[in-house]
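The values are calculated or read from the model by the stated rules, or taken from the named source; none is laboratory data. Bear in mind the structure is a predicted one, so any value in this text is a computation, not a measurement. Don't worry about glycine lacking a Cβ; one is built from the backbone with ideal geometry, like all the others, and counts go over all protein chains shown.
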Ligand code: F6P
């Protein structure tokens with residue numbers, strides 16, 4: 001393989017730049033030319049791509065976002081759009097592609113592979129919802145950002161004796177809420193994977209006050225409930241004073257943590273070496289501290305469950 005391209009697609013996440021940098025530098029070491037595609041699949045359709053060298057990826061390992069840009073493309077969801085994108089790659093003589101993104105982006109990668117492009121995917125999303133990998137690039141940074149918010153909210157919740165609700169991202173998945181909630185000592189963690197009733201939440205809060213707790217932290221995954229609505233319900237039902245913080249896109253930004261930079265660099269190296277060795281239509285995942293190759297068809301469209309052990313432990317520790 002003599003020429004490959006790299007693309008970031010879908011929602012950005014901290015660590016994408018570290019992954020691009022590693023793709024470029026490993027490929028150059030293998031004597032392979034690398035092109036960068038701007039603005040996700042939209043850029044592939046618009047033929048917005050250019051050759052990268054070692055210097056193009058200098059000074060980016062520490063930066064959040066993605067210097068290539070990213071997008072969610074409606075046109076790429078159509079066969080016509082996918083064919084146009086594949087034709088552009090072929091016109092440039094690009095034989096292989098590293099796609100860094102979440103479930104939607106990897107699904108797009110699978111569709112491109114069906115049009116004859118050799119693809120290796122890297123799981124890049126703060127949500128940690130990709131099947132076939134213990135961790136996704138960006139998750140650790142996002143969880144640490146959420147944890148920082150929880151720590152700060154705890155100070156003011158404690159000063160005022162309030163119920164503080166923190167809504168975190170994660171789409172239909174509760175990994176960010178569970179991990180940040182457990183690490184932040186939340187009293188209640190609400191995730192989409194575990195049904196709950198608002199009345200039970202109120203009951204638990206009232207009981208904990210009677211046991212001497214002066215304030216409460218509730219972490220709500222965006223896929224479980226609206227924290228704003230729940231906060232209103234709790235104050236109406238219990239008379240407790242509630243405040244709500246929806247921390248939103250702050251979780252998507254910031255300098256990637258050590259864990260995310262290492263994960264991105266390791267997965268990216270493995271992706272390039274797989275392409276060079278003639279393996280494709282795979283995603284590089286991280287399982288039990290090892291990089292592993294997972295068929296891309298297995299990685300997409302499946303739901304990765306939260307760890308029930310973590311959920312159980314969070315409940316035990318919230319007493
Ligand atoms: O998939 C990453 C994510 O940040 C989700 O947690 C969130 O639901 C969604 O993207 C937000 O998307 P957008 O940036 O398009 O608003």
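For the stretch 1-101, please list each of the strands (runs of 3 or more DSSP E) lying entirely inside it that holds at least 2 residues being in contact with a strand residue (DSSP E or B) (Cβ under 7 Å, 6 or more places away or on another chain), at negative phi and within 16 Å of the ligand (Cβ to nearest atom).
Result: 96-101.
Of the residues 170, 184, only one is away from the ligand (no atom under 16 Å from the Cβ) and either out of contact with any strand residue (DSSP E or B) (no Cβ under 6 Å at 6 or more places or on another chain) or on the phi > 0 side of the Ramachandran plot (or both); which?
Matching residue, one of 170, 184: 184.
For the stretch 222-235, indicate whether the set of residues that are within 30 Å of residue 98 (Cβ to Cβ), within 16 Å of the ligand (Cβ to nearest atom) and within 24 Å of the chain's Cα centre (by Cα) is non-empty. It would help to see each step written out before you state the result.
Applying the first criterion (within 30 Å of residue 98 (Cβ to Cβ)) to the stretch 222-235 yields 222-223.
So of that shortlist, the ones also within 16 Å of the ligand (Cβ to nearest atom) come out as 222-223.
Still in the list and also within 24 Å of the chain's Cα centre (by Cα): 222-223.
Among the residues of the stretch 222-235, at least one is within 30 Å of residue 98 (Cβ to Cβ), within 16 Å of the ligand (Cβ to nearest atom) and within 24 Å of the chain's Cα centre (by Cα), which makes the answer yes.
May I ask you to list the residues in the stretch 223-232 that are assigned to a helix (DSSP H, G or I) and either at pLDDT below 95 or surrounded by fewer than 17 Cβ atoms within 10 Å (Cβ to Cβ) (or both)?
228, 229, 232
State the number of residues belonging to the stretch 181-197 that are closer than 19 Å to residue 230 by Cα and either free of Cβ contacts under 8 Å to residues at least 40 places away in the same chain or not in a loop (DSSP other than H, G, I, E, B) (or both).
8
Can you tell which of 201, 220 is crowded, with 22+ Cβ neighbours inside 10 Å and not in a helix (DSSP H, G or I)?
220
Within the stretch 122-146, track down each residue that is touching a helix residue (DSSP H, G or I) at 6+ places or on another chain (Cβ under 9 Å) and more than 16 Å from the ligand (Cβ to nearest atom).
132
How about the stretch 17-66: which of its residues are in contact (Cβ under 8 Å) with a residue 60 or more places away in the chain, under 17 Å from residue 267 (Cα atoms) and in contact with a helix residue (DSSP H, G or I) (Cβ under 7 Å, 6 or more places away or on another chain)?
18, 19, 20, 21, 22, 23, 26, 27, 30, 61
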